[in-house]
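One structure is given here, and the rest of the page talks about it.
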Amino acid sequence: MSLWSLDNPAFTDYAFYAGVLAVKVMAMGVITGYYRMTKKAFANPEDAKRLGAKDVKVDADVERVRRAHQNDLENITVFWILGLLFLLTNPSPATARLIFRAYTGSRIGYTILYISGSSLRPGVYIVGVICNVFMVFRIICTFW
Amino acid sequence: MSLWSLDNPAFTDYAFYAGVLAVKVMAMGVITGYYRMTKKAFANPEDAKRLGAKDVKVDADVERVRRAHQNDLENITVFWILGLLFLLTNPSPATARLIFRAYTGSRIGYTILYISGSSLRPGVYIVGVICNVFMVFRIICTFW
Amino acid sequence: MSLWSLDNPAFTDYAFYAGVLAVKVMAMGVITGYYRMTKKAFANPEDAKRLGAKDVKVDADVERVRRAHQNDLENITVFWILGLLFLLTNPSPATARLIFRAYTGSRIGYTILYISGSSLRPGVYIVGVICNVFMVFRIICTFW
């Protein structure tokens, strides 16, 4: 049986959670747009003009959302490739599901804590990092 | 038949358009370099020194290209994974090709409008977003 | 034989080097954290407060590490997808290994030179760009 196959439950779980994380990344664009509108803080003069602001403006809340978005790019792109390669190490479906769920939960929680300015953020962040480190460790040991 | 197979025309279309979008992302690095050179606006002191500028400098046009590049990273990385997973939902080759083409056209048009400062930018942006939303909707429904 | 198969040595090489590059990207997060701590330069007020800094602060060395991290996102995400698609062009295992190794070496060297402020940085950067351009050229020619 091929490991990248719809017969492998770990593979279909990967497809699902990778998709959920894509929604999560896309949501950051929507949230940024919402904050830019309500704060009238635009990055481009043509946007400011069209949307009734006098000039471009940097807003602390918009920057916070953008940092959370950037953190997604730094981490979730890594998960997408690691999750796919991790399947090639033939993990048990239960292990794979646990990791994909923990990672997805960690990223969603992280963003909520980031936007709300909670100091608990690093504790949730580390869960996602552990998932990625575990997967990459298995990949490198397998394909050494 | 495996869906990730060279026998599947949707798969080879994905490979082609994912490659075209990679060229498009790489082109942003070249355009940034071009603007940094012509504007003498460098981010690192060692670059400024080597290339005949007095000091590092922030330039509005360079920042605009960098925002367009950043927007690519926020969106095209999502397309790469969604396009691959979307193939697993067994779309008709015609539907897949339409989406891959619309997405690629949207991203190229978006960057041209961004760099030229056009206020038509959001209208072209939304086409790409719709493609990604459609694909992720199909993926999540299939692998729920 | 499928090209995305553990029987294909180019495929297992891809898995290994893509994993190594994931470690490299994750290391940037650790290095950024280290610099933020030692320089007491945090991006969020809640981090500054918790870690004994008076206020948020921008530090030149932290910004340098962040630019190197950003450059990884702009380039290594492109490698991940191009490497995977390049396998579909049926390269000889020796060619594939050479490219994956050269790319990985280029990226690690680039970051070391970036953080140390060396003006040799562009010479090492170009090696990685050539690898990506070669792969995308093969992909586009194959799936035209």
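Points worth noting:
- Being buried (at least 16 other Cβ atoms within 10 Å of the Cβ) and not basic (K, R) is a description that does not apply to C:T95.
- Condition check for A:N71: away from chain B (no Cβ under 11 Å) and at pLDDT 95 or above: yes
- Leading residue by the ranking (farthest from the other protein chains (Cβ to nearest Cβ)) among those in the stretch B:97-121 that are over 22 Å from B:V65 (Cβ atoms) and touching a residue at least 60 places away in the same chain (Cβ under 8 Å): B:R101
- Residues (in a loop (DSSP other than H, G, I, E, B) and at pLDDT 95 or above) located in the stretch B:8-51: B:N8, B:K40, B:A41, B:F42, B:A43, B:N44
- If you filter the stretch A:29-46 down to residues that are surrounded by fewer than 16 Cβ atoms within 10 Å (Cβ to Cβ) and under 21 Å from B:I130 (Cβ atoms), you find that the one that is farthest from the other protein chains (Cβ to nearest Cβ) is A:Y34.
- Of all residues in the stretch C:1-21, those that are without any contact (Cβ under 8 Å) to a residue 12 or more places away in the chain, aliphatic (A, V, I, L, M) and at the interface with chain A (Cβ under 9 Å from one of its Cβ atoms) total 2.
- Each residue in the stretch B:75-96 was checked for being more than 10 Å from chain C (Cβ to nearest Cβ) and either within 16 Å of C:E74 (Cα to Cα) or among the charged types (D, E, K, R) (or both), and 2 of them qualify.
- Odd one out for B:E63, checked against (1) over 13 Å from the mean Cα position of the chain (by Cα); (2) within 28 Å of C:F137 (Cβ to Cβ); (3) among the acidic types (D, E): (2)
- Only one of the numbered conditions (1) farther than 22 Å from A:R67 by Cα; (2) modelled with pLDDT of 95 or more is not met by C:E63, and that is (1).
- Here the condition is being without any contact (Cβ under 8 Å) to a residue 24 or more places away in the chain, away from every other protein chain (no Cβ under 11 Å) and surrounded by 19 or more Cβ atoms within 10 Å (Cβ to Cβ); of B:V62, B:V124, B:V58, it holds for B:V124 alone.
Conditions tested, residue by residue: (1) touching a Phe, Trp or Tyr at 6+ places or on another chain (Cβ under 8 Å); (2) assigned to a helix (DSSP H, G or I); (3) acidic (D, E); (4) on the phi < 0 side of the Ramachandran plot.
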{"site": "C:A53", "(1), (2), (3), (4)": "yes, no, no, yes"}
{"site": "C:V56", "(1), (2), (3), (4)": "yes, no, no, yes"}
{"site": "C:A96", "(1), (2), (3), (4)": "yes, yes, no, yes"}
{"site": "C:F100", "(1), (2), (3), (4)": "yes, yes, no, yes"}
{"site": "C:I112", "(1), (2), (3), (4)": "no, yes, no, yes"}
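The values are calculated or read from the model by the stated rules, or taken from the named source; none is laboratory data. Every value quoted in this text rests on a predicted model; they were computed, and no experiment measured them. No Cβ is skipped: glycine too gets one built from the backbone with ideal geometry, and neighbour counts run over all protein chains shown.
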